[in-house]
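The values are calculated or read from the model by the stated rules, or taken from the named source; none is laboratory data. Remember, it's a predicted structure, so these values are computed and weren't measured experimentally. Ideal geometry is used to build each Cβ from the backbone, glycine not excepted, and the neighbour counts take in all protein chains shown. With ligands, DNA and RNA removed, areas are computed over all heavy atoms of the protein, side chains included. Shrake-Rupley method; radii C 1.70, N 1.55, O 1.52, S 1.80 Å.
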Amino acid sequence: MLYQKSWYTILFFCLLIAVAVYSIGVGAVHITPTDIIKIFSQSLGFAYGADIDEGLKNIFLFIRLPRVVLGMLIGAGLAVSGVAMQGLFRNPLADPTLIGISAGASLSAVSVIVVFSSLPFYKALPEQYQYYFLNIVTFIGAALTSLLVFRMSRAKGITVLATLLLGGLAINAICRASVDLLTYIADDAQIRNATFWSMGSLNGATWVIVLSIVPFILIPVIVLPFLGKALNAFALGEKEAQFLGVNVKRLKLMVIVFATMAVGASVAVAGIIGFIGLIVPHIVRRISGENYTLLLVNSALFGATLLTLSDVLSRTIIAPAELPIGIITAFIGTPVFVFLLIQQKKQLKFSL
Amino acid sequence: MNIVAQNIHFSVGKKSILKGVNFTAKAGKVLGILGQNGAGKSTLLNCLAGALKGYTGKIAINNMDIDRMQIQQLAKQRAVLSQNHSITQLFKCSDIVMMGRYPHFSTSPSKFDMEVVERAMYEMQVNKLADRYYVQLSGGEQQRVQMARVIAQLQNNHSDNSTQKKTGVLLLDEPISNMDILFQHHSMKMARKLAKDGLTVIVILHDLNLAAQYCDELLLMHGGEVVEQGEIEQVLTPDNIYTAYGINIKVLKTVEHPYPIMVPVMNEYTTQSIKI
């Protein structure tokens, strides 16, 4: 049953906590769960944990924790926006990266950095506000791109999968080329390298960055599940949803706004990390069903988990160097993508 | 609930699709809409459903202009079964039928909602398909599931007595086009039963004989205009059928069948547009 109660949410939550603790521990300096408890205990002023090493505490508080929190936020945001996009396009293949929304966001981010970083008023802004500004601009970039894809891929209220994916291809190509061009002509001080934008990284996570994206991620993660029931009806078809009393126009607008808000913020601080919006909902659907409310909540939790794990891999596979995290998500994501494509072909829904 | 359409015109670009349609559908009756492909039947139904804006004329349910009604309000009073559905997600059949309860619950369905769904599935004989995936069903089975959904939608809340009078408008666009003969009759009987329970049923059909057997009144359309409307025998005459479809038919009547039976006149398949 669609509206069955589910305990999986608790399971996903526990899994996330476990992975987060594990992920904090992994690295050149090992931090055990006991250490983490000690640090919290000591920070709260308890006697337990007073013997904790200051260096270890600093690594935990200023290197590991912000990075893990950033990973969790971005994972949750990308997963939730993936689910929302799939609801909007009524197709499980819609993923913000595949259909070009992330690329649109990255282009707007890079443009902002190149154009504004030389302007005195921008330089005078505190770092926190610079990030807020960046996030808002990438949000606008992502929203415009998704509107474009949405308009392009639909005929008579039905998403044409071929145009959706090919349109995404075109937008990806043009945006990525523009990003490459801008990074090529910009000097290094202005901008991170092209690899960062195309393959993503959580490297250099600080509390300033984390705080700058918190509202942009948490608002969608909290608001979108409330649209779950309407998205369920929307899956029947746009007209059918309207017949059932869904305010379709408002729903579409809200989904685009909230989904792109999360994508924009994560691209602004971590570059393009692909496939999370595709893999996570796919796995979660198999476990806890098609109900969008649950799908959104569970995907947020599982997306956070998966991105944190991917980040552990990216840090450790070729340690002490780092592999861009997008490479890892692409390796996990592509098989899922191909599988979904074949599945849809089998259902003869390819042309719809 | 009565639904009244007054002088409905609708055009796309310069092409006018509906050219002044008038009719009244009464509670407790089944109104059949007949006509050629492209005669404007679905367009008319979409106007009645409130899905098409930009028509001229007036459509009112119980004297309330449907354009002035809130869609949430409308959703509790009229259900629509469209011709085509495109569902890619792996919903189970019971999930699809539960969608019909959307206007009636806020976050999760009540026990009553579940009973309504169960009853509707039983009525359309899809209760055995409840846990199957909708996309994997045959076309006829899918139509039965969709029919169960609209039945569930028009069951008003908290009437524990299922024999209580129903109110609402049920709009069906070729609901039986993919069904086998048994379920065609089953579904049409169901439409009659729903009308008897108090609903206003409007159904687009292609099978003239089914229309003759199960509808109370008919509306025969051609090129966006009404050829004839009214009682069965008044509408289904060879002349009207020739005007609407361009085919010669013979109306038979037998003792066992109190309703007219239409058969094409042999060797006269030649129509206005098709020359064989």
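Things to note:
- For segment B:112-121, putting each phi into the Karplus relation 6.51 cos²θ - 1.76 cosθ + 1.60 with θ = phi - 60° gives couplings of 4, 4, 5, 5, 4, 4, 4, 5, 4, 5 Hz, in residue order, rounded to whole numbers and with x for Gly and Pro.
- Segment A:271-340, relative contact order [Cα under 8 Å, separation at least 6], %: 44 percent
- Residue-level accessible surface for B:SER16, protein heavy atoms, 1.4 Å, Å²: 50 Å²
- Segment B:63-80 - phi-based ³J(HN,Hα) in whole Hz, Karplus 6.51/-1.76/1.60, Gly and Pro as x: 6, 9, 4, 5, 5, 8, 8, 6, 5, 5, 5, 4, 5, 7, 10, 9, 10, 10
- Tilt relative to chain B, helix B:139-153 - C-alpha long axis, 0 to 90 degrees, to 10: 60 degrees
- Once all protein chains are placed together, A:ASP180 keeps about 80 Å² accessible to a 1.4 angstrom probe.
- Using only side-chain charges placed at the Cβ, +1 for Lys and Arg and -1 for Asp and Glu, the dipole size of chain B relative to its Cα centre rounds to 520 debye.
- Entry note, segment A:188-341: relative contact order of 33 percent, from Cα contacts under 8 Å with a spacing of 6+ residues.
- Placing unit charges on each Cβ (+1 for Lys and Arg, -1 for Asp and Glu) gives segment A:4-121 a dipole about its Cα centre, and among A:GLY27, A:VAL68, A:PHE46 the Cα reaching farthest toward its positive end belongs to A:VAL68.
- When nucleic acids and ligands are ignored and a 1.4 Å probe is applied, A:LEU166 ends up with an accessible area of around 110 Å².
- Segment B:169-183 and segment B:14-32 have Cα centres lying 19 Å from one another.
- Residue (of B:LEU171, B:GLN213, B:PRO264) at the positive-pole extreme of chain B, dipole from beta-carbon charges: B:LEU171
- Applying the criteria of a DSSP loop state and at most 16 other Cβ atoms within 10 Å to the trypsin sites (Lys or Arg not before Pro) of segment A:1-92 yields A:LYS5.
- Note on segment B:46-89 and segment A:96-156: Cα centroid distance 39 Å, given to the nearest whole angstrom.
- Residues whose placed amide H lies under 5 Å from that of B:VAL227, excluding near-sequence neighbours: B:LEU220, B:MET221, B:HIS222
- Segment B:1-85: relative contact order as a whole-number percent, Cα under 8 Å and 6+ apart: 33 percent
- Phi-derived couplings, Karplus 6.51 cos²θ - 1.76 cosθ + 1.60 at θ = phi - 60°, listed residue by residue for segment B:214-227: 10, 8, 8, 9, 10, 10, 9, 10, 8, x, x, 10, 8, 6 Hz, with x used for Gly and Pro.
- The magnitude of the dipole of segment B:202-258, with charges of +1 and -1 set on the Cβ of Lys/Arg and Asp/Glu and taken from the Cα centre, is near 220 debye.
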